[in-house]
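Here is the structure we will look at.
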Amino acid sequence: MTTAKESSSTQKRAIHRTTGAFRCLSCFKHLSPPKGATLYTCPKCDYEWRVAWFTPEEPRIRGPVWESYEKLNQAKMADKGEK
Ligand SMILES: [Zn+2]
């Protein structure tokens, strides 16, 4: 039996190159808000996100802006006529 233990150096670099950008949680588009912005609207899907800055270079999505989120949802629900 041969034990070929080939540990090829997996070049699995941490995919941490997305500094200055995050992904829209709705459409997954890469967004790069202006530095220091606390709100950012995705130009693609119109969802508005609250932005937190981990470091001055690294924005993170904190969550949706509920008011705009609800507006969008209500617009969607209006289609269904749900009550
Ligand atoms: Zn989006």
_Restricting to the stretch 33-83, count the residues that are of a type in the set (Ser, Thr, Tyr) and without any contact (Cβ under 8 Å) to a residue 24 or more places away in the chain._
4
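Being within 15 Å of the ligand (Cβ to nearest atom), touching a Pro at 6+ places or on another chain (Cβ under 9 Å) and not acidic (Asp, Glu) is the requirement here; does Tyr40 meet it?
Judged against the criteria, Tyr40 is a match.
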*Might you check whether a residue that is in a strand (DSSP E or B) and farther than 23 Å from Lys76 by Cα occurs anywhere in the stretch 37-51?*
yes
*Residues of the stretch 27-37 being more than 9 Å from the ligand (Cβ to nearest atom) and hydrophobic (A, V, I, L, M, F, W, C), which ones?*
Ala37
_Being in contact with a Lys or Arg (Cβ under 9 Å, 6 or more places away or on another chain) and of a type in the set (D, E, K, R) is true for just one of Lys44, Lys71, Lys76, Lys80. Which residue is that?_
Lys44
*asked:* Checking Ala4 against (1) of a type in the set (A, V, I, L, M); (2) loosely packed, with under 10 Cβ neighbours inside 10 Å; (3) at pLDDT 90 or above, only one condition comes out false. Which one?
replied: (3)
*Out of all the residues in the stretch 52-78, which are among the polar types (S, T, N, Q) and in a helix (DSSP H, G or I)?*
Ser68, Asn73, Gln74
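The values are calculated or read from the model by the stated rules, or taken from the named source; none is laboratory data. Remember, it's a predicted structure, so these values are computed and weren't measured experimentally. Here the Cβ is made from the backbone with ideal geometry for all residues, glycine too, and neighbour counts use every protein chain on show.
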